[in-house]
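Structure first, commentary second.
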Amino acid sequence: MNGGDEVVAAPAGPPQPLDWKFSQVFGERAAGEEVQEVDIISAIEFDKSGDYLATGDRGGRVVLFERTDTKDHGDSRRDLERMDYSISRHPEFRYKTEFQSHEPEFDYLKSLEIEEKINKIRWCQTANSAVFLLSTNDKTIKFWKVQEKKVKKVSDYNLDPSKAVGNGSIASSSNSISPKSYLANGGCSDRSNSYLSSDLSIPPGGIPSLRLPVVTSQETSLVARCRRVYAHAHDYHINSISNNSDGETFISADDLRINLWNLEISNQSFNIVDVKPANMEDLTEVITSAQFHPTHCNTLAYSSSKGSIRLIDLRQSALCDSHAKLFEEQEAPGSRSFFTEIIASISDIKFGKDGRYILSRDYMTLKADISAQYISSAVWIWFLTGLLFGGQLWDINMDSGPVATFQVHEYLRPKLCDLYENDSIFDKFECCLSGDGLRVATGSYSNLFRVFGCAPGSSEATTLEASKNPMRRQVQTPSRPSRSLSSSITRVVRRGAESPGVDANGNSFDFTTKLLHLAWHPTENSIACAAANSLYMYYA
């Protein structure tokens with residue numbers, strides 16, 4: 001301000017595109033090394049603090065990683081300043097432990113093999129320095145507790161260490177001090193009671209002194225223990241599990257039902273959604289994904305194979321046959337084909353951190369919605385969703401269609417017949433949001449993943465490869481100009497169109513390598529993604 005003139009701040013523009021860099025890789029395979037099927041990663045999940053990362057694989061194992069850059073250099077700002085250490089350093093993780101969560105099983109009643117593959121992992125609330133998590137395969141959910149336990153080591157034995165084993169007993173047979181020696185046929189031969197084994201000799205004059213064993217050190221080991229098993233509640237394959245914000249309950253969803261569980265009760269669940277028709281011939285859609293609202297314990301959303309997302313309120317009835325809100329995009333006239341319903345099927349939905357947005361992914365696009373806001377019993381939603389060929393944003397005042405659509409790999413549309421023949425069209429890609437809600441990410445083929453900016457005016461659309469050089473196959477993605485809907489609505493924009501079949505370097509895309517699973521750090525711009533058996537981490 002100068003001479004009474006007011007300085008008006010210029011309106012803040014969209015955030016600048018992030019510059020992504022390689023951080024770490026776990027399980028990197030050498031060139032030409034064959035990947036074992038059981039080692040392929042099938043689930044990734046950060047905990048709410050971002051200090052722990054869990055992965056599950058097709059072999060039924062769960063691997064935990066722990067963040068080290070904050071613990072190694074102090075947690076307080078004063079400690080960091082004293083060490084002249086940069087607070088903005090990117091997250092670094094190290095291997096913590098692993099355990100076998102599920103084993104292959106066989107259902108004798110249905111003559112069905114149940115794979116050990118981990119479908120989903122969800123972190124639960126921590127307590128007493130122990131971490132808890134849920135893991136599930138197709139049929140069974142398990143509740144795990146992982147805790148550090150101290151193992152004491154004892155020294156100063158009275159025995160010769162060269163004749164002792166790990167538990168302190170004499171390595172050779174010291175139990176042979178016996179009045180009788182038993183034979184193989186059950187008989188025995190008498191020996192003198194004063195007989196002593198030559199393995200245990202007493203020096204002349206006896207032992208001068210006896211020493212008490214002393215605890216010299218305490219080693220810490222991690223122990224994973226299965227606390228509860230939630231089984232026999234699903235006739236179809238479990239595709240989702242989600243924790244409730246109340247910290248006491250969670251849901252599990254299969255193709256036709258959603259069940260509500262209490263963490264403390266493993267032998268009883270409540271069916272809250274059932275879309276199974278009386279006659280299975282009338283079945284038109286199945287449940288593909290479900291998730292609780294992050295703050296409203298009575299609200300959850302689930303998606304269907306028809307491309308719709310339903311928001312339900314558990315306060316309405318015990319069995320939620322009706323939805324509180326429905327989000328689906330109207331089909332363009334004359335656009336229907338044999339593949340329309342297949343590519344419209346939503347494979348994953350995620351709520352934003354504050355519960356305002358829902359991100360969804362179908363085969364071709366990525367979209368976003370805004371979640372439930374209850375005002376005078378009215379449900380208001382902004383919705384962000386995603387498709388295989390694009391993604392979309394929904395406005396609370398315009399739930400008839402998304403506000404923006406992000407195209408992930410539009411070049412595949414002419415190849416749908418080939419993708420159907422090799423079953424690639426049924427691949428289930430996951431999606432994730434940044435902690436600040438300004439960006440979304442999802443995977444594609446050739447081990448590529450894409451990051452889109454969803455802030456007003458943003459044209460960010462970055463293509464990265466799961467390798468040590470993520471920008472090696474950067475694709476130029478021209479964006480169409482956005483068009484304003486109203487003063488309160490951000491925009492409707494379709495972004496991310498790609499050159500058909502080749503990247504910027506002229507390399508053809510590989511449909512056999514696909515990046516299905518990824519997760520965004522809850523508080524920082526860091527992404528973990530799985531390429532076969534390798535876990536790659538990037539930061540910006």
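The values are calculated or read from the model by the stated rules, or taken from the named source; none is laboratory data. This is a predicted model, so every value here is computed, not measured. So basically every Cβ, Gly included, is an ideal-geometry build from the backbone, and we count neighbours across all protein chains shown. Heads up: the accessible areas ignore ligands, DNA and RNA and are worked out on the full protein's heavy atoms, side chains in. Shrake-Rupley method; radii C 1.70, N 1.55, O 1.52, S 1.80 Å.
Just in region 98-144: which chymotrypsin sites (Phe, Trp or Tyr not before Pro) are loop by DSSP and have at most 13 other Cβ atoms within 10 Å?
Tyr108
Expressed in nm to one decimal, what extension gain is obtained for the pair Gln16 and Lys415 from 0.36 nm per residue of sequence separation less their Cα-Cα distance?
140.2 nm
Once the Cβ-Cβ distance between Leu210 and Lys150 is put in as r, and R0 is 25 Å, what FRET efficiency do you end up with, to the nearest 0.05?
Details: r = 27 Å, r/R0 = 1.09.
In this case the efficiency is close to 0.35.
Applying a 10 Å radius around every beta-carbon, put 249-261, 420-432, 28-40 in order of their mean neighbour count, most first.
Details: 249-261: 21.3, 420-432: 17.4, 28-40: 10.8.
Descending packing order for the listed peptides: 249-261, 420-432, 28-40.
Just to verify a number: what accessible area does Tyr363 come out at with the full protein assembly present, 1.4 Å probe, Å² rounded to tens?
Tyr363 exposes around 10 Å² with every protein chain in place.
Expressed in nm to one decimal, what extension gain is obtained for the pair Glu248 and Asp235 from 0.36 nm per residue of sequence separation less their Cα-Cα distance? Kindly include the intermediate steps, with their values, before the conclusion.
On the way: separation 13, 0.36 × 13 = 4.68 nm, distance 2.43 nm.
Answer, rounded to one decimal: 2.3 nm.
Given the protein chains as shown and a 1.4 Å probe, how many square angstrom of Thr126 are accessible, to the nearest 10?
Its heavy atoms expose roughly 90 Å² to the probe.
Which links in Lys96/Lys350; Lys120/Lys306; Lys110/Lys276; Lys48/Lys139; Lys21/Lys306 stretch past 29 Å when you go from one Cα to the other?
Numbers: Lys96/Lys350 27 Å; Lys120/Lys306 22 Å; Lys110/Lys276 19 Å; Lys48/Lys139 26 Å; Lys21/Lys306 37 Å.
Over 29 Å apart, Cα to Cα: Lys21/Lys306.
Do you know the relative contact order of region 288-360, to the nearest whole percent, from alpha carbon pairs under 8 angstrom that are 6+ apart? List each step's numbers first, then the result.
Numbers: 123 pairs, mean separation 25.0, N = 73.
It comes to 34 percent, rounded to a whole number.
With every protein chain present, what is the per residue accessible area of region 292-343 (1.4 Å probe, Å²)?
Per residue, region 292-343 has 51 Å² of solvent-accessible surface.
Only residues of region 223-238 count here: report those whose backbone N is under 16 Å from the spot 7 Å along Cα→Cβ of Phe426, or say none.
236-238
Kindly identify region 251-378 as rounded, prolate or oblate by the Cα gyration tensor criterion: order the square roots of the eigenvalues as a ≥ b ≥ c, call it rounded if a/c is under 1.5, otherwise compare a/b with b/c, prolate if a/b is larger, else oblate. Each step should come with its number before you reach the end.
Working: a/c = 1.83, a/b = 1.28, b/c = 1.43.
Here region 251-378 falls in the oblate category.
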